[in-house]
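Taking it in order: structure first as structure tokens, then the write-up.
The values are calculated or read from the model by the stated rules, or taken from the named source; none is laboratory data. What you are looking at is a predicted structure, and each value in this text was computed from that prediction instead of being measured. Note that each Cβ is placed from the backbone with ideal geometry, even for glycine, and that neighbours are counted across all protein chains shown. To get the accessible areas, we keep the full protein, side chains included, count just its heavy atoms, and leave off ligands, DNA and RNA. Shrake-Rupley method; radii C 1.70, N 1.55, O 1.52, S 1.80 Å.
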Amino acid sequence: MAISIKTPEDIEGMRIAGRLGSEVLDYITPFVKPGVTTGELDRLCHEYMTNVQGTVPAPLNYAPPGYTPYPKAICTSVNDVICHGIPGDKVLKNGDVVNLDITIITKDGYHGDNSRMFYIGEPSILAKRLTEVTYDCMWLGIAQVRPGGHFGDIGHAIQVHAEKAGYSVVREFCGHGIGKVFHEEPQVLHYGKPGTGDELKPGMIFTIEPMINAGRRDIREMNDGWTIKTKDRSLSAQWEHMVLVTETGYEVLTLSAGSPPPPAFITDAKAA
Ligand code: MF3
Ligand code: CO
Ligand code: CO
């Protein structure tokens, strides 16, 4: 199956979805503090989507083949949780780091998928460095996006930066095509070789969402059927944006007023 090329109408719908997905993260930011539970963050986000935005949380009851339906509206991945942490009664405490991964569906059926890292109180030097390196990994991947480029260019840029810092790239989960379908072709690997993989073409929309571990890359699956942790219990970080391939380069779709600024090495106006 070929990678879909979005129509102008789809692209307009995905711009709106991307902004709304990002605005849920803006909304929840002031609540992400010591003492709050991950379940409370889920409840607040779900309420904001439903009552303020008129969007629907894509994760709720999402059940890909081999998975039980996901029980909550968002993913909350704390410390050594790599991804798909299920919100619950876990209390966030000073020094924790958490990834909040939000995917909304607009009334027109378009998905807005993005995630950010948050420090709870004061982060350790390691947690801060891992989080910053992972942020730069995501943006170095984004900066590779241009027509005529290849998916391997993205993966390579991410892998080189992560490994240079002494960290490792999770292999079992990747970015993905997205539109009216939550997860579609292609798989966007966060490692690889330049010039390999499918060619990037204008109108493609996909996520870049590197998961970087402070220790080894190996994963361990929890018995809840969803939560993925590092096998060696080292910290893990992740950031996620949705990106459109344009005629000249890229457009990041998941930006809003509260998005952290791109790193200084990003000089393209479209990114700001
Ligand atoms: N938002 C995640 C991603 O980036 C997927 C979460 S699936 C869920 O692809 F069911 F766990 F929510
Ligand atoms: Co995603
Ligand atoms: Co996501």
What's the ranking of 179-187, 93-101 by average number of surrounding C-beta atoms within 10 Å, highest first?
93-101, 179-187
Would you mind getting me the FRET efficiency between residue 198 and residue 9? Use the beta-carbon distance for r and R0 = 35 Å, nearest 0.05.
0.90
Measure off, as a whole percent, the carbon and sulfur share of the 1.4 Å-probe accessible area of the range 8-271, all protein chains present.
54
Between residue 89 and residue 181, what FRET efficiency follows from the Cβ-Cβ distance if R0 is 41 Å, with the result rounded to 0.05?
0.80
When the Karplus curve 6.51 cos²θ - 1.76 cosθ + 1.60 is applied with θ = phi - 60°, which whole-Hz ³J(HN,Hα) does each residue of the range 25-37 get, with x for Gly and Pro?
5, 4, 4, 7, 3, x, 8, 7, 9, x, x, 7, 8
Between their Cα atoms, which of 93/128; 201/231; 107/201; 72/229; 6/107 are more than 25 Å away from each other?
201/231; 107/201
Computed lengthening from residue 257 to residue 16, 0.36 nm per intervening residue step minus Cα-Cα distance
85.4 nm
The range 208-272 to the range 1-50: how many Å between their Cα centroids?
14
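Over the chain, what relative contact order in percent results from Cα pairs under 8 Å that are six or more residues apart?
Once divided by the residue count of the chain, the mean separation gives 22 percent.
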Shape call for the range 68-163, from the Cα gyration tensor axes a ≥ b ≥ c (a/c under 1.5 means rounded, otherwise prolate when a/b beats b/c, else oblate), comes out oblate
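Can you give me the accessible area per residue for the range 8-271, using a 1.4 Å probe, in Å²?
For the range 8-271, the per-residue accessible area is 42 Å².
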Fluctuation leader among 261, 147, 210 - the chain, Gaussian network, Cα springs under 10 angstrom
261
